[in-house]
Structures are given as C-alpha cells and as structure tokens.
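First up is the structure itself, then whatever we jot down about it.
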Amino acid sequence: MSFVYLDNSATTRVCKEAADAALYAMTACFGNPSSLHGMGVAAEELVGKARGQVAAALGCEPREIVFTSGGTEANNLALFGAARALSRRGKRIVTTAIEHSSVEGPAAMLEKEGFEVVRLRPDASGAVPEQALFKEITPDTVLVSMMLVNNETGALQPVQAIRRAVRRAGAPALVHVDAVQAFGKVPFNPSALGADLVSVSGHKIHGPKGAGALFVARGTRILPVLVGGGQEHGLRPGTEPVPAIAGFGAAAEQAQTALAESGKHFQKMRALALRLCASLPVVTINSPENGAPHILNVSVKGVRSETMLHFLAQRDIYVSSGSACARGAKSRVLVAMGLPDARVDTALRVSFSRYNTEEEVERLFDAVAAGVQTLAHR
C-alpha cells in the first residue's frame, strides 16, 4: 500500500514542471549567471524568467523580487535589514508570540542589540486581536513583522490592519509579512496587504528546497545581511542557485494557475477531515473555523504526539506535531493560545496539498482511531 503524506506545511513533493526546470538548469544551462559569455547569459535568462514567474504569482514587479535560499533567509534579511536601516528613527519592533523561529530568532537577536521587541499574543482562536496592533504600534516603531497564515494552526492574522495602525501612530515602520504558508495556497498580494516586505519559499509549493524570495517594495531601503559580489540588487550576494531558482519559478507558475482549484480542493479535504474528527470523541480541533483550509491542527486525548506520530509512520502515514523546525519541542503557538498542556502535548498538524485525496484523509483518521485503541493511557 502506498504512503500517505499529509505534512505539506513542512515540505512538499516537487512537481514535474519544477523538477524538469531544475534538471534543465543543472545539465543544459549550468553557467554562472554573472559570467559574461553565452553560457552565463543563458543562465541569467533562466533566473530572469523565474523572477518573472514568482513576481506574477505574488502580484508584483519582477524587480521587487530578491531571491534567497528559502523562507528563513528571507525572514532574516527582512528583520535585520529593516531594523538596522531604520535604527536611527526608533528602536521598537512589534511582532507576535506565534511567529516562526526564523522571525523569533532574529527578533531575539535584535533585542540583544538594543531594540525593544513587543510580542503580541493571540486569542483562543490563534489570531492576534486587531486592536492590539493599534495599542502597541507607537511613533518610534520601525518594524512590524507578522505572518499571514500560522504554520501550525492555519489561523489567519490581521496583517491588513498593520498599515492602518502604522499610519495612525505616525510611525516610520516598515511592514513585513511572512507569507511562507500562504503563498500559492490562499490569494493575496503585497499591495493589498500594505506590506513593504514579504517572505515566500519554493519548497512549500512543490518547488525544490534551496530557493525562496523576499519581496522588497520599490523604494524600500533595507540593509544587506551578507556582503560579497553584489548579486540580487546587492541584498543577497553569492552565485545564484540557478536550478533551485528555475524550479521555484516553475512551481510558482503552476501554483498560481491552480490557485482557485487548489482552494476548493483544500476546503473539500478539510471538510472531510472535520467530519471524521467529529466521529472520534477523543479528538479536539485546535484550528479556527475560519483558518486557512490547508492546515488543520487537532489534539488526540490520551496519546502523546510523538507516540502517535510513530504509530502512524509505522503504517506509512506522515503528519507532524507542529513546525518541523521545532524538532518535537513544545509548541510555542499552542502555549501562546492558552491551551492546556494535555492538548499541547497531544497535538497533530495535518496539512494538505493539491495532490492529496479523500482516501488518504480517510486512511489517516482510521489509523488515528486504531492508535487511540492501541495506545491510549499506556
């Protein structure tokens, strides 16, 4: 029997279009994009094509795309680059208590550099209250960083309110949105969000690992984290990983083409999962009803997450207990939501792709039910 992969918020299977694009770049168009000869020019053209594909999917201009090695580097560049560029105008950074570690980590380091970091807490639904933004964004705020879709619960965050709050406060703040879990899954664009900086990643949308991007709105100034050859407008020096970037571009184009159908598919998978959860009294839903449809977080009473994960993996069914970067540590997101330890310690994250089927979702919850019978209270 084939495996069931429902951990698509951790990473995704590379689609054929992305794999073909990466293979072509590795074998037929392998020049250095900075070289002046024909092979270099051809590689540069591949990078340019991918830049256009990612920009089209994001709804921005190609020159506003800076390629990075992934979402983590994009988030680091956004936080360090923005805070340091504006440090003479203020020292206040507003973010949330439920950000990915690649935002929380830089925020903690900036704290050590003398910045004041305010971490807004979510309500019981997993969303940060909009009014908290208006309270905490002050005239000396230089950066606001908030994810669009929470990577563990799928809770949608009120990012569109940030720009209004910044204007009301008269702050010089740049607005950064971590859209890694939203890109290619839910419709948005930087302009509608009021964002100056937006992070996205390739391997979350069926592209290869090793390529991501930071949208930097035209006219926005941030400082580089690395120095070197001046590639990517001087913001991300180093030889571009052309195969990964080419694959990222192809995946972005496919995701954008399939966006409407994917949304319907995610809703269908989620609805089925919720029906199956309702038939299991030991399962509690941690995700909000109005969250992004491709992520569902549940707790299974009486069975610790790690124990259930191993039980499922023995049956070739793969989900997670939260962010892959956390490596099994207690979820900061669920703790911040105020959930009791019993629910935090038994949480599972199910995340769908456009390739998952109803049969796979049914197999998962049949296995969860069997796991409860076998493992509960042992």
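Given the condition open to solvent by 60 Å² or more (accessible area, probe 1.4 Å), at negative phi and at pLDDT below 95, answer yes or no: does some residue in the stretch 35-56 qualify?
Scanning the stretch 35-56, I find at least one residue that is open to solvent by 60 Å² or more (accessible area, probe 1.4 Å), at negative phi and at pLDDT below 95, so the answer is yes.
Scanning the stretch 125-137 for residues that are touching a residue at least 40 places away in the same chain (Cβ under 8 Å) and small (Gly, Ala, Ser), which turns out surrounded by the fewest Cβ atoms within 10 Å (Cβ to Cβ)? I'd like the intermediate steps shown before the answer.
Residues of the stretch 125-137 touching a residue at least 40 places away in the same chain (Cβ under 8 Å): 125-127, 136-137.
Keeping just the survivors that are small (Gly, Ala, Ser) gives 125-127.
Working: Ser125: 17, Gly126: 24, Ala127: 20.
So, considering only residues that are touching a residue at least 40 places away in the same chain (Cβ under 8 Å) and small (Gly, Ala, Ser), the one surrounded by the fewest Cβ atoms within 10 Å (Cβ to Cβ) is Ser125.
Taking the options Ser299, Ser321, Ser351, name whichever one is in contact with a strand residue (DSSP E or B) (Cβ under 9 Å, 6 or more places away or on another chain) and open to solvent by 10 Å² or more (accessible area, probe 1.4 Å).
Ser321
Only residues that are open to solvent by 20 Å² or more (accessible area, probe 1.4 Å) and under 20 Å from the mean Cα position of the chain (by Cα): list them for the stretch 65-88, please.
Listed by number, the residues that qualify are Ser69, Thr72, Glu73, Asn76.
Restricted to the stretch 221-254, and to residues that are in a helix (DSSP H, G or I) and of a type in the set (Asp, Glu), which residue is farthest from Phe352 (Cα to Cα)?
Glu232
Based on this model, can you work out whether Asn8 counts as buried (at least 21 other Cβ atoms within 10 Å of the Cβ) and in contact with a Leu (Cβ under 9 Å, 6 or more places away or on another chain)?
no
Taking the stretch 138-173 on its own, how many of its residues are polar (S, T, N, Q), in a loop (DSSP other than H, G, I, E, B) and either touching a Leu at 6+ places or on another chain (Cβ under 9 Å) or surrounded by fewer than 23 Cβ atoms within 10 Å (Cβ to Cβ) (or both)?
4
What are the residue pairs meeting all of these: first residue in the stretch 281-307, first residue in contact (Cβ under 8 Å) with a residue 12 or more places away in the chain, second residue of a type in the set (Phe, Trp, Tyr), Cβ atoms under 7 Å, and 6 or more apart or on different chains?
If the second residue must be of a type in the set (Phe, Trp, Tyr), the pairs left are Pro293/Phe266; His294/Phe266; His294/Phe352.
Cβ contacts < 6 Å: first residue closer than 18 Å to Ser287 by Cα, restricted to the stretch 250-276; second residue in a helix (DSSP H, G or I), any location; separation 6+ or different chain. Result?
Met269/Val361; Leu272/Glu358; Leu272/Val361; Ala273/Val361; Leu276/Phe365
Give the residue, chosen from Thr257, Thr220, that is touching a strand residue (DSSP E or B) at 6+ places or on another chain (Cβ under 8 Å), β-branched (Val, Ile, Thr) and surrounded by fewer than 19 Cβ atoms within 10 Å (Cβ to Cβ).
One residue alone meets the criteria, Thr220.
State the number of residues belonging to the stretch 174-213 that are among the hydrophobic types (A, V, I, L, M, F, W, C) and either surrounded by fewer than 24 Cβ atoms within 10 Å (Cβ to Cβ) or over 14 Å from Ala252 (Cβ atoms) (or both).
So the answer is 9.
With the structure loaded, tell me whether Val103 is farther than 30 Å from Val350 by Cβ and either surrounded by 23 or more Cβ atoms within 10 Å (Cβ to Cβ) or at pLDDT below 95 (or both) or whether it fails that test.
Judged against the criteria, Val103 is not a match.
How about the stretch 111-137: which of its residues are assigned to a loop (DSSP other than H, G, I, E, B), touching a strand residue (DSSP E or B) at 6+ places or on another chain (Cβ under 6 Å) and among the aliphatic types (A, V, I, L, M)? Write out each step before concluding.
Filtering the stretch 111-137 down to residues assigned to a loop (DSSP other than H, G, I, E, B) leaves 113-115, 121-129, 137.
Filter again for touching a strand residue (DSSP E or B) at 6+ places or on another chain (Cβ under 6 Å), leaving 115, 128, 137.
Residues satisfying the conditions are Val128, Ile137.
Restricting to the stretch 11-34, and then to whatever is without any contact (Cβ under 8 Å) to a residue 60 or more places away in the chain and not in a loop (DSSP other than H, G, I, E, B), can you tell me which residue is most open to solvent (accessible area, probe 1.4 Å)?
Here the residue is Lys16.
The values are calculated or read from the model by the stated rules, or taken from the named source; none is laboratory data. Small disclaimer: the values here were computed from a predicted structure and weren't measured. Virtual Cβ from ideal backbone geometry, glycine too; neighbours counted across all protein chains shown. These accessible areas exclude ligands, DNA and RNA; they are computed on the full protein's heavy atoms, side chains included. Shrake-Rupley method; radii C 1.70, N 1.55, O 1.52, S 1.80 Å.
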